[in-house]
1. For A:Glu347, put the label point 7 Å out on the Cα→Cβ axis and report which residues of segment A:59-96 keep their amide N under 12 Å from it.
2. Gap in Å between the Cα centre of segment B:37-56 and the Cα centre of segment A:1-65?
3. Within a 10 angstrom radius of the beta carbon, how do B:Cys101, A:Cys108 rank from fewest other beta carbons to most?
4. Can you list the residues, at least 5 places off or on another chain, whose amide H is less than 5 Å from the amide H of B:Thr93, using H built in the peptide plane?
5. Which entries of A:Lys153/B:Lys41; A:Lys57/B:Lys111; A:Lys57/B:Lys155 have Cα-Cα distances beyond 26 Å here?
6. Label-point separation (nm) for B:Ala169 and A:Arg118, each offset 7 Å from Cα along Cα-to-Cβ?
7. To the nearest 10 degrees, how steeply does helix A:31-41 sit against the main Cα axis of chain A, on a 0 to 90 scale?
8. Taking other Cβ within 10 Å of each residue's Cβ, how do A:Val82, A:Val59 sort, fewest first?
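Read-outs throughout are calculated quantities, based only on the coordinates presented, and are distinct from any laboratory measurement. In this text, all values refer to a predicted model and were calculated from it rather than measured experimentally. Every residue, glycine as well, gets a Cβ built from its backbone with ideal geometry; the counts of neighbours run over all protein chains shown.
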Amino acid sequence: MSQITVDEAEAIEFMYEQSWTDGLPVVPPTSARVQAMLAAAGLSEDTILGSVPSRRKTVSANIAASNAVMAGCRPEYFPLVVTAIEAVFDPAFNVNTVATSTGGAAICIIVSGPEASRIGMNAEHNLLGSGNRANATIGRAVRLTVANGLGAKTGKLDASSIGHPGKITLCFAEKDPDAPWPALRLEHGYRPEDSTVTIMATEGPRQIAQQLSESPEDVLLAFTGAMKQPSQFITGKRGQCVVILGHEHAQSLRKAGWSKSQARAFLAEHSRISPAELAAGGIHVESGAQHDMSIGADGRIATFADPADITLVTAGGAGAGWSAYLPAWAPKQHSLSITRRLRPVGEALPDCGPDGCALPGFEYPSKEGLS
Amino acid sequence: MSMIELVVPVLMDEPPPAGLQPAARRAFTKPIRVALIDNGKPKARELLEAICKALNTHIPVASSRLIAKGSASRVIDDEEVEAISAQADVVITGLGDCGACSACSLGDAVKMEAAGIPATVVITDVFTRHIASFATTLGMPGYHAAVVPHPIYAKDAETLSQIAQELAAVVATQLQGEAVPPQRDR
């Protein structure tokens, strides 16, 4: 663990001079603070969390812990930070591309399960806004680790043309839906008592207002209007997205007897777009290039090829009728959403023998997008 | 004055692996086999093919082979490097006209160089600084690039041909001569 001695009164300015920050002040990562992070996750400082061969970088726990300290995390947040960072290093997420694209992707982090409320995450009013330390600092810790661990900084390896505020932090908790709707972790095959972290590389959130109708179709069409916006990069190019279904909108769907699967299928179907609709927004169909914009029998192009590409969660506080929609920053061939279970501290790892574990039935959807 | 010790939270670039260096250069006197690694960006294939055609006036080209990478946001893997190495004397990659695709096309070129195949990467002028940073990270600081004006996607065939003809001498030098620094923005 490399260390440097500085005047405590000048520490914050020193960290600015070193370009360690995201523009906001950071907490000095003293050895005691970093060790407290590591202890909370039961990790040694040299535990490897992941590597990116395309950058010749391997990130160990001490890099993540020091960035979590700088972000302002409490030690009890660190296991979730580690889980998110391990997801970032999944080859299918393709962080090499996510963190350098001119498109300027956020790493959107969704926590599902009891750990979120245990550490005080916000799944209610203003969950994407300010005011909650866990939401704000977990997302910030992950982004700082990518910036400082993988060199994803402006003028270096981050080529974002515009960027957006979610590149500083974008993290929230799911509010478990009322029965019979399953929580996100259950949809991924985990147990109610598990906690999971889902990440997706996204553009900034769009707020969805529907305050004049409780019809399930009207509620969901309010989303598809945003999903079909022609200049959104994934429109008609087979992407993924996060839908945060707010209190009133979720109630409207459940009262009408709709399931989450039904809602996702409706969104996928009604976000298909015709070449004429794209052209009306100044966007033309790619041909002979990398993105599949093939036109279906209905004369339209899929924005989401599979309803499962829509991560639908319930969250937010009661109000007039607000939800949010976060499109993936690019089509699926460039990056896929990843979900990981939070491994309880001290949980024994399987004995894999000298050659590692073969996970039955496990395979990535496609070689495309991997680096 | 109270002093504190801070844990350094930054990973520096690792030193290049031993032996990582560009392929040896030599003047080609016999017709060569050219591999074009097309990343699928709009007009990438057309531009690469035009460059290859124009290259023939500087280096005799025996054949060209287009390799569609499928996704601009991945770097070719070791199997692909081996397969291309067996069938090509030089490689031209592109088109780097965005942050991710320029980094990945550069990564393709660096991998081919490491495998002993002279290569160059075609990028648009706004990404010269970006790929210079990536070249350092990848262990080949100062790696060359064949730079074209941005944007390429809106250029017609005649303009692409003209750009290719202007660029061909630079590409020929990069493939045969010493590795040269990126050109100035155009």
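1. It comes to A:80, A:83, nothing else.
2. With segment A:1-65 and segment B:37-56 each reduced to a Cα centre, they are spaced 44 Å.
3. A:Cys108, B:Cys101
4. B:Ile37, B:Thr120, B:Val121, B:Val122
5. Check vs 26 Å cut-off fails for A:Lys57/B:Lys155.
6. 6.9
7. Orientation of helix A:31-41: about 50 degrees from the principal axis.
8. Least crowded to most crowded, the residues run A:Val59, A:Val82.
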